[in-house]
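The values are calculated or read from the model by the stated rules, or taken from the named source; none is laboratory data. Because the structure is predicted, anything quoted here is derived from the model rather than measured. For neighbour counting, all protein chains shown are included, and Cβ atoms are generated from backbone atoms with ideal geometry for every residue, glycine included.
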Amino acid sequence: MDSIQNASLSVPSGRVAFIGENTRVFYDDLNQMVKHNAEALDRLRGATAVINGRARLELALLLFLLDGVAKRILFLPQDIEQAQRKEFFRLANVNFDVLINDGCIEVKEITPYQAGDVSAVVQTEWVIPTSGTTSTPKLVSHTFASLTRTAKKDIELGCNFVWGLVFDVYRFSGLQVLLQSLLSGSTLIVPEAESSMEEVVNLLCQHNCNTLSATPSFWRKMLMTKESKSIKFKNITLGGEIADSNILNALKSRYPEAGIRHIYASTEAGVGFSVNDGIAGFPCTYLDEDINGIKLKVDDRGILWLKPNTREQKYVNGAPMFDEDGFINTGDLVELKEERVYFLGRESGAINVGGNKVQPEEVERTILDSGLVSAAYVYAISNPMMGSLVCANIVAVEKGVKATELKKQVTIFCRERLENFKVPALLKMVEELEITNSGKLKR
């Protein structure tokens, strides 16, 4: 049965697995940790373990040790509210809270558990909360197979890639980076979540990162740093948010030698498909053909549905995930235009202005198209007459520009391109926009 531990046995022991701020972990160190923690792992065999809001590198070590041992691993990021946390404990039937210090596993019993006669290698369920950006987070159960379906597993080639981990590793996107790096025997640079952008970029530069997957919001913020010019990327991936032409062109300009692709994935569906032609959206032909076993369709409301080539994933609470034809409702609105399918935003994230729906992402893209703004966040404020009004926080490209002048120019630009109800009624110039630990714009 496949597991991360089994895969690591094929990696040369002297190859570096993880690099932290002041830490370097070799693949041989990982295998030695398994032996060192044999007693604790035996206690956890076949049980359900929860990992609560730990540091990224600590979680990476725990996942290596627990995969193939625990029956179920529940990931709980720090931003999960206490009431939701208790409900997740109940749904996942948690037995142990697990952490690791100086390479030693520490176990706290939550509910009584006696390790029974279970096989030496368990097929572990990875229970991952959805991001909950526009709705209440849900728990999704994945298997090793469903998580690694698209992972490259060439150990010989893996030595050529030095990955950076800038996603929250408690989320699907972060796990994808972690698993891809480990399964190909690559090196993963792990900045901690509290690191500043300058600290992250410096760490990536220092250790020669050449492969990075991040959200468009993260990339925009990174490109604003001087240090980012020093990184020699071979591979760039965008995911987690809509990749528009502005960020794709900016990356092509900054890193002309790098391969650039944007990827569509979700916690429920897993990795869907990728686009590497450098253009926003994806070709309409994707709707008519299988893409590595994936099928797509758009319903009459403009919502994208995706049929994965595996149905091993499920909601832990038993709610249905698939329709009768095996498709998953992604909740993402799309528009078909000129042989291309463009993402508009989350259906649940629309702003209602006097009965008209406004997708914040559309307004953000228009503001960015002005070339006057490096980042934009569009949101709603209540209005007794209209229900809601569109507002935006913007970061100026040109430092020292007067706020009144910038807001005037952006407003004019939007009025020329958007319907009146979509034009921001209020613009606020800010120094920077907050992004979450998963790299997404905080909404």
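Quick notes
- Scan of segment 279-325 for residues that are on the phi > 0 side of the Ramachandran plot and modelled with pLDDT of 95 or more, ordered by number: G281, G302
- Filtered by the rule that a residue be under 22 Å from N352 (Cα atoms), under 28 Å from the mean Cα position of the chain (by Cα) and surrounded by 13 or more Cβ atoms within 10 Å (Cβ to Cβ), segment 373-431 gives A376, Y377, V378, Y379, A380, V390, C391, A392, N393, I394.
- Any hit, segment 312-322, residues being polar (S, T, N, Q) and buried (at least 20 other Cβ atoms within 10 Å of the Cβ): yes
- Of the helices (runs of 4 or more DSSP H) that lie entirely inside segment 197-316, those containing 1 or more residues that are among the β-branched types (V, I, T) and touching a residue at least 24 places away in the same chain (Cβ under 8 Å) span 197-206, 245-254.
- Residue check for E324: free of Cβ contacts under 8 Å to residues at least 40 places away in the same chain and either part of a helix (DSSP H, G or I) or closer than 30 Å to K428 by Cα (or both): no
- Yes/no for A115 being assigned by the TED database to the domain that holds F172, surrounded by fewer than 16 Cβ atoms within 10 Å (Cβ to Cβ) and free of Cβ contacts under 8 Å to residues at least 24 places away in the same chain: no
- Selection of strands (runs of 3 or more DSSP E) fully inside segment 2-75 by the criterion of at least 3 residues being under 24 Å from the mean Cα position of the chain (by Cα) returns 16-19, 48-52.
- Checked against the criterion of being touching a Phe, Trp or Tyr at 6+ places or on another chain (Cβ under 8 Å), of a type in the set (D, E, K, R) and assigned to a helix (DSSP H, G or I), the candidates E405, E361 yield just one match: E361.
- All positions within segment 432-441 that are surrounded by fewer than 17 Cβ atoms within 10 Å (Cβ to Cβ) and either in contact (Cβ under 8 Å) with a residue 60 or more places away in the chain or farther than 26 Å from G400 by Cα (or both): E432
- Restricting attention to segment 333-380, the residues that are touching a Gly at 6+ places or on another chain (Cβ under 6 Å), farther than 13 Å from A280 by Cα and of a type in the set (A, V, I, L, M, F, W, C) total 1.
- Filtering R149, R90 for residues that are out of contact with any helix residue (DSSP H, G or I) (no Cβ under 6 Å at 6 or more places or on another chain) and either in a helix (DSSP H, G or I) or modelled with pLDDT of 90 or more (or both) leaves a single hit, R90.
- Within segment 226-276, restricting attention to residues that are among the β-branched types (V, I, T) and under 22 Å from K307 (Cβ atoms), the residue that is farthest from the chain's Cα centre (by Cα) is V275.
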